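Below is one structure, written out as structure tokens; comments come after it.
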């Protein structure tokens, strides 16, 4: 950068640069606009919202952020979301790590078929299968339960888990594990002690990605959970979105609580996730 | 560990004597089945929670089904013919195709351009990338409620903002017709899909060796020449992955439409997934709803097989 700065810069380049800044700035403003609108609305009074005409709140009513906790079982929703997302992540990883390991390090009959199935399974979004899912859950007595959602989220995230982890594992040379095997480690030991620590960044990325997916899941929870106290945040915040009246200020105040943890997590993995997706994709 | 070594031979002997097969054979047998043990948990999980529902849906679509979901025998594809006869179905199908094509095409185009921009070196690039990722991380329900609020005629912030900026003098009714609502839903869909495309392309762009561009510059190639003969071919694989995944996600996307209009009025903003949700859980027509699911699969199957063939072929090249 310093080298280019020393050179005389042509007007054309300056204009292009300004244009670049202008466009990127616009994109950022548009992207952040809904969040800005949500925050402003969350700080307004009901009357101010429905009379319209103001962008920023006349007086910021911070108590909206406190009221939601008593107006709806927000703490419960939050806890449910944490349990669903956490549980799904654990199960998805426990099933996905061995599978990804086998795909990356072993050769077996049906490998391609299994991989093909993993890819095709992405095609079946839970929404399309809801009727089937509902019936299976009824048989297993898991409708209206957090455990049911945990399993569903874990299963539907298997494809991504296996995909990302297989890419990660394949990017790591098997030499060290072989050395460990010669030293007397069995497969499980060499995986736990050698491969997993090296693959940690990829694993953390996958972990967070599943957590976010499960946290943001809406459709299955909407369909399976009837009990208000078992709802996750995504479904629960609709308490403020009634048939006759929408309590926008509360809806958005609650939404902000639902967004913040996820956005922070996402920004942590953004860089790794993308290269993971790409390497998984390119390496097939 | 060293203290335990004396015990090891004894253990090995015990292991050798117990199975009927000689040791090398057992070992080979274990080698053959070992991978299957490793993939077993994953297979069991997916078998119960993905494959069984798939089978159930196919079963339901072929059978007469009671409101309680009990099967009452094969009914000669009556569920399918019933669906085809429903005048709403062709509208829903048209909406689904419009929704999928519009969202995927426009977001791919804009996401690609945005990725090209963000791939430049400039101050604040990291901040810009972090901001662009926001819509991807936000759950669709919340994103959709925010847009539903923004475009509201009476108190939406879009009208307020435009009036403050003196661009308009009176509130505009942004959602005067079902078509307008549907357009806003598509806009919202595009808005949340752009980041995914953008980051897939960015990862492809970052793997391109700079020397290609330098060589092309020496040869006197212009910006667009470089774009079409270097950049585009090299990010093609990332772009294919993101496009195919997007087709599947967008086709199956439920929360945006459900939050903004619930498919109303009169199916004018329904897509296949909201339509089948209403059929199954509001009208109790599980057989017909399953038929819609199956039709959806068949449409997506074409897309997914293209994806599978593409990625597996890619994999073989690498192996």
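Please treat every number below as a calculation from the coordinates, not as lab data. This one's a predicted model, so the numbers in the text were calculated from it and none came from an experiment. Here Cβ is always computed from backbone atoms with ideal geometry, including for glycine, and neighbour counts include all displayed protein chains.
In whole angstrom, and with the biggest value first, how far do the Cα coordinates of the protein assembly as shown range along each principal axis?
Dimensions of the protein assembly as shown along the principal axes of its Cα atoms: 92, 78, 49 Å.
Just the projected area, averaged over all directions, of the convex hull on the alpha carbon atoms of region B:169-319: how many nm²?
14.4 nm²
Please report, in whole Å³, the volume per residue of the convex hull around the C-alpha atoms of region A:17-58.
It comes to 72 Å³ per residue, whole-number rounded.
Summing -39500 (n - 2.57) over the DSSP H runs of n ≥ 4 in chain A and dividing by its residue number, what mean residue ellipticity at 222 nm do you reach, to the nearest 500 deg cm²/dmol?
Roughly -23500 deg cm²/dmol at 222 nm, from the helical runs in chain A.
What list do you get for A:270, B:164, B:288 if you sort them by fewest beta carbons within 10 Å?
Arranged by neighbour count, lowest to highest, A:270, B:164, B:288 become B:164, A:270, B:288.
Give the shape of chain B as rounded, prolate or oblate, defined through the alpha-carbon gyration tensor: a ≥ b ≥ c are the square roots of its eigenvalues, a/c under 1.5 means rounded, and otherwise the shape is prolate if a/b is larger than b/c and oblate if not.
It comes out oblate by the Cα gyration axes.
Given the options A:251, A:130, A:20, which has the most mean-square fluctuation in a GNM of chain A, springs set between C-alpha atoms less than 10 angstrom apart?
In the Gaussian network model the winner is A:20.
In cubic angstrom, how much convex hull volume per residue do the alpha carbon atoms of region B:62-125 span?
Considering the Cα atoms of region B:62-125, their hull volume per residue is 156 Å³.
Exposure proxy check: B:99, A:62 ranked by fewest other beta carbons within 10 Å?
If I rank by nearby Cβ atoms, fewest first, I get A:62, B:99.
In whole Å, how far is the Cα centre of region A:81-157 from that of region B:269-301?
Answer, in whole Å: 22.
Using only the alpha carbons of region B:22-74, what is the convex hull's orientation-averaged projected area in square nanometres?
5.7 nm²
Listing B:278, A:12, B:56 from the residue with the fewest other Cβ atoms within 10 Å to the one with the most, what is the order?
The most exposed by this proxy come first: A:12, B:278, B:56.
I need the Kirkwood Rh of region A:7-101: take the reciprocal of the average 1/r across all distinct C-alpha pairs and report it in angstrom.
Kirkwood radius, region A:7-101: 18.6 Å.
Can you classify region B:155-233 as rounded, prolate or oblate using the Cα gyration tensor, where a ≥ b ≥ c are the square roots of its eigenvalues, rounded means a/c under 1.5, and otherwise it's prolate if a/b beats b/c and oblate if not?
Judged from the Cα gyration tensor, region B:155-233 comes out prolate (a/c at least 1.5, a/b above b/c).
Identify which of B:247, B:37, B:106 has the largest mean-square fluctuation in a Gaussian network model of chain B, with springs joining Cα atoms closer than 10 Å.
In this elastic network of chain B, the residue with the biggest mean-square fluctuation among B:247, B:37, B:106 is B:37.
Along each principal axis of its Cα atoms, how long is region A:69-283 end to end? Whole angstroms, biggest number first, please.
That gives 68, 37, 30 Å along the principal axes, largest extent first.
Determine the distance separating the Cα centre of region A:242-270 from the Cα centre of region A:169-235; give it in Å without decimals.
Using only Cα atoms to place each centre, the spacing works out to 26 Å.
222 nm [θ] for chain B, helices only, -39500 (n - 2.57) per DSSP H run of 4+, per residue, to 500?
Result for chain B, helices only: -23000 deg cm²/dmol.
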